[in-house]
Amino acid sequence: MNRPLEGLLVLEFCQFLAGPSAGLKLADLGARVIKIERPKTGDACRQLSIKNLFVEGDSLLFHTINRNKESYAADLKNPDDLERLKKLISKADVMTHNFRPGVMEKIGLDYGNVQNINPKIVYGAVTGYGNEGPWRNKPGQDLLIQAVSGLTFLSGVDIDGPVPFGLSVSDIMCGNHLAQGIMAALIKRTKTDKSVLVEVSLLESILDVQFEVITTYLNDGGKLPDRSQAKGSAHAYLSAPYGMYETRDGYIAMAMGNLPNICEIIKCDIADLYVEAGSAFDNRDKLIIRLAETFKEEETKTWLGLLEQHGIWCAEVLNYQTATVLSTYKNLEIEQELDLSSGKKIKTTVSPIRLDNEKLFAAKAAPKLGFDTQDISKEFELT
């Protein structure tokens, strides 16, 4: 199938997660993405591993977010390499980087200078905390961003202290925002025939993820999130029954719903705790504890059958082992295999987007450092 971004050339001066994950999204949609990497060491993410898993010398994490790309090795401090890169930039549609503020200015590849090289380029920049202000040079690392954003006081119960989210959620969302901004900028460029600057930051992205609860905070007299004292509560701002409950043989998740109706179905007496609609939040903790006692009495399957037949929103709580064997998981075609140079394969996820009923599979694995340097230099006449 023809993909919507085919024919677009993207130069990725990025490492770690946020910038490269945006490049991954663009590559899945058909763009040609060339990673510009320092010789010998390359993207630092090549050696940043999860569970110490490596594939052919590079971390599995690097393979996860850099599939379907090419690698061009260049030293930005070397005048000859820099001149070659400027020639390449002159022919690109998009350029992205996640250097700290001021670095690209020193190199001469800041937006103003790049505009002179290529007046029609879409220039994407990722920072940790923005280009201005006292935090502009602080390290933009996901856990640190979570720490200063308020996110860590939304999960867990009130005695837990801060609870970090178990994913690099700031990086992932910032990469999504960068890809979204770039595609909007490409549309703008077709209208104006001029370059566009796209700027995102990890802090703004993780604050945007919290737009519902921050809006609540801003309009609720500045009151902090009120996490439940009851184990299993899933949202600091939602009332009972919202949460996860242990059953005789597992766990069940309960979404929002008519609490008296639910309790009538599962035969849980809450007459002393539920007086009117506001009681579901005012007495949230006691209600969750009462519900938890009831749910422990039967198996998950029994509760699901009973609740679902009455249209109650609920689900069994699964882990990766139980979730990935479901027919629903397989029907969604969430997995794909990447072909490694050794002939081996690794499994990873696939783009969640379908175009004209087709999944965007891409079997090309992440590139070896500098693997495409010679071919790219020849193709674009850089030497």
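Taking all Cα pairs closer than 8 Å and separated by 6 or more residues, the relative contact order of the stretch 306-383 comes to 18 percent.
Its relative contact order, with pairs defined as Cα atoms under 8 Å and 6+ residues apart, puts the stretch 243-323 at 44 percent.
With contacts taken as Cα pairs under 8 Å at a separation of at least 6 residues, the chain carries a relative contact order of 17 percent.
Between the stretch 78-96 and the stretch 326-350, what's the alpha-carbon centroid distance in Å? Answer, in whole Å: 34. If you fit an axis through the alpha-carbon atoms of helix 79-89 and take the longest principal axis of the Cα set of the chain, what angle between them do you get, 0 to 90°, nearest 10? Between the helix axis and the principal axis of the chain, the angle is about 70 degrees. Summing Lys and Arg as +1 and Asp and Glu as -1 over all other residues whose Cβ lies under 10 Å from the Cβ of ALA125 gives a net charge of -2. Going through the cross-link list LYS231/LYS330; LYS40/LYS344; LYS345/LYS368; LYS87/LYS368; LYS77/LYS194; LYS86/LYS138, which pairs have a Cα-Cα distance over 26 Å in this structure? Where the Cα-Cα span goes over 26 Å, the pairs concerned are LYS231/LYS330; LYS77/LYS194; LYS86/LYS138.
Taking a straight line from the alpha carbon of LYS106, these aspartates and glutamates sit under 17 Å away, with near neighbours fewer than eight places off in the same chain left out: ASP75, ASP80, ASP81, GLU83, GLU132.
Among LEU207, LEU17, a tally of other beta-carbon atoms within 10 Å of each Cβ gives an order, fewest to most, of LEU207, LEU17.
Placing unit charges on the Cβ atoms only, positive for Lys and Arg and negative for Asp and Glu, gives the chain a dipole magnitude near 1320 debye about its Cα centre.
Extension gain, GLU264-LEU355: 0.36 nm per intervening residue step, less the Cα-Cα distance, totals 28.3 nm.
Rounded to the nearest 500, what is the chain's calculated 222 nm mean residue ellipticity when only DSSP H runs of at least 4 contribute -39500 (n - 2.57) each, over all residues? Walk me through the intermediate numbers first.
Details: 16 runs with 138 residues, N = 383.
Value at 222 nm, helices only, nearest 500: -10000 deg cm²/dmol.
Eigenvalues of the alpha-carbon gyration tensor of the stretch 123-209, scaled by 5 and square-rooted, set the equivalent ellipsoid semi-axes at 30, 14, 8 angstrom, largest first. Hey, how many Å between the Cα centroid of the stretch 123-145 and the Cα centroid of the stretch 208-271? That distance is 34 Å. In the chain, the longest principal axis of the Cα atoms and the axis of helix 284-295 are about 80 degrees apart. If R0 equals 45 Å, the separation of the Cβ atoms of GLU379 and ASP226 corresponds to a calculated FRET efficiency of about 0.15.
The aspartates and glutamates whose alpha-carbon is closer than 18 Å to the alpha-carbon of LYS188, local same-chain residues fewer than 8 away aside, are GLU6, ASP93, GLU199.
Can you give the % of DSSP beta bridges in the chain that are antiparallel, to the nearest 5?
45
Partner aspartates and glutamates whose Cα lies under 19 Å from the Cα of LYS286, excluding those fewer than 8 positions away in the same chain, are identified as ASP158, ASP160, ASP226, GLU246, GLU264, ASP269, ASP272, GLU276, GLU297.
The ratio of the alpha-carbon radius of gyration of the stretch 243-323 to the globular-protein estimate 2.2 N^0.38 Å is 1.08. Across all directions, the average flat footprint of the convex hull enclosing the Cα atoms of the chain is 23.1 nm².
Values quoted throughout were computed directly from the atomic coordinates according to the rules given, and no laboratory measurement underlies them. Given the structure is predicted, the values throughout are model-derived calculations rather than measurements. Counting neighbours? That spans all protein chains shown, and the Cβs are built from the backbone with ideal geometry, glycine included.
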